[in-house]
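The structure appears right after this line, and notes come after that.
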Amino acid sequence: LQLYARLIVTTRELERQRTELRRGQLADAAGDLLNQVREINGIKLLTARMDGVDAKALRELSDKLRERLGAGVLCLGSSADGKASLLITVSKELTERVQAGKLVQELAPLMGGKGGGRPELAQAGGNNPAALQEIFDRLTTILQSR
């Protein structure tokens with residue numbers, strides 16, 4: 001029983017350390033990604049593929065990026081275990097021009113999936129990670145037409 005209790009404590013401590021390490025890595029990645037921001041029709045756009053990052057970590061990264069990006073559109077994609085994840089955020093100032101939920105509904109079928117969300121934040125999942133670059137390109141085209 002004592003051994004079991006020690007294993008639980010050790011496991012929790014390792015999970016805490018892993019979470020802290022991941023947060024540090026995401027903070028570093030956020031800084032690097034901001035160098036890739038483009039402007040399309042007056043809208044800041046950042047698209048990035050972050051393979052091996054789960055949906056929760058994508059949300060954490062998007063929160064960090066959103067704070068530093070300001071008014072803009074953020075589209076993060078990830079591939080893990082043969083599945084694709086997509087997260088789109090749109091700053092509140094831009095939701096009259098473009099909405100994350102509508103973008104996800106249009107883009108998710110490209111990766112063999114579906115998704116949804118609110119005007120400021122939407123997510124999707126699918127089974128075709130190879131389509132992430134096509135999604136980024138299509139998003140650019142959509143913003144160019146607005």
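Among A57, A84, which is open to solvent by less than 20 Å² (accessible area, probe 1.4 Å), assigned to a helix (DSSP H, G or I), under 30 Å from E20 (Cα atoms) and hydrophobic (A, V, I, L, M, F, W, C)? Talk me through it step by step, then tell me what you get.
On the way: A84 fails: assigned to a helix (DSSP H, G or I).
Within the list A57, A84, the selection yields A57.
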Completion exercise
Only unsatisfied item for Q36, checking (1) more than 19 Å from S145 (Cβ to Cβ); (2) open to solvent by 50 Å² or more (accessible area, probe 1.4 Å); (3) touching a helix residue (DSSP H, G or I) at 6+ places or on another chain (Cβ under 9 Å), is (3)
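Based on what the data block shows, is A100 within 14 Å of the chain's Cα centre (by Cα), among the small types (G, A, S), crowded, with 16+ Cβ neighbours inside 10 Å and under 18 Å from V37 (Cα atoms)?
Criteria met by A100.
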Exercise for the section: Sort out which residues of segment 106-137 are touching a Gly at 6+ places or on another chain (Cβ under 6 Å), surrounded by 18 or more Cβ atoms within 10 Å (Cβ to Cβ) and assigned to a strand (DSSP E or B), and write them in order of number. Expected result: G117, A122, Q123, A124, G126
Fill in the blank from the handout: With the first residue restricted to segment 47-60 and required to be farther than 17 Å from A130 by Cα and among the aliphatic types (A, V, I, L, M), and the second required to be open to solvent by less than 70 Å² (accessible area, probe 1.4 Å) and assigned to a helix (DSSP H, G or I), Cβ contacts under 8 Å at 6 or more apart or on different chains are A57/R22; A57/L26
Fill in the blank from the handout: All conditions in (1) open to solvent by 70 Å² or more (accessible area, probe 1.4 Å); (2) over 9 Å from the mean Cα position of the chain (by Cα) are true of L65 except (1)
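The values are calculated or read from the model by the stated rules, or taken from the named source; none is laboratory data. Note that this is a predicted model, so its numbers are computed, not measured. Note: ideal-geometry Cβ built from the backbone for every residue, glycine included; neighbour counts use all protein chains shown. We work out accessible area using only protein heavy atoms, side chains counted, and drop any ligands, DNA or RNA first. Shrake-Rupley method; radii C 1.70, N 1.55, O 1.52, S 1.80 Å.
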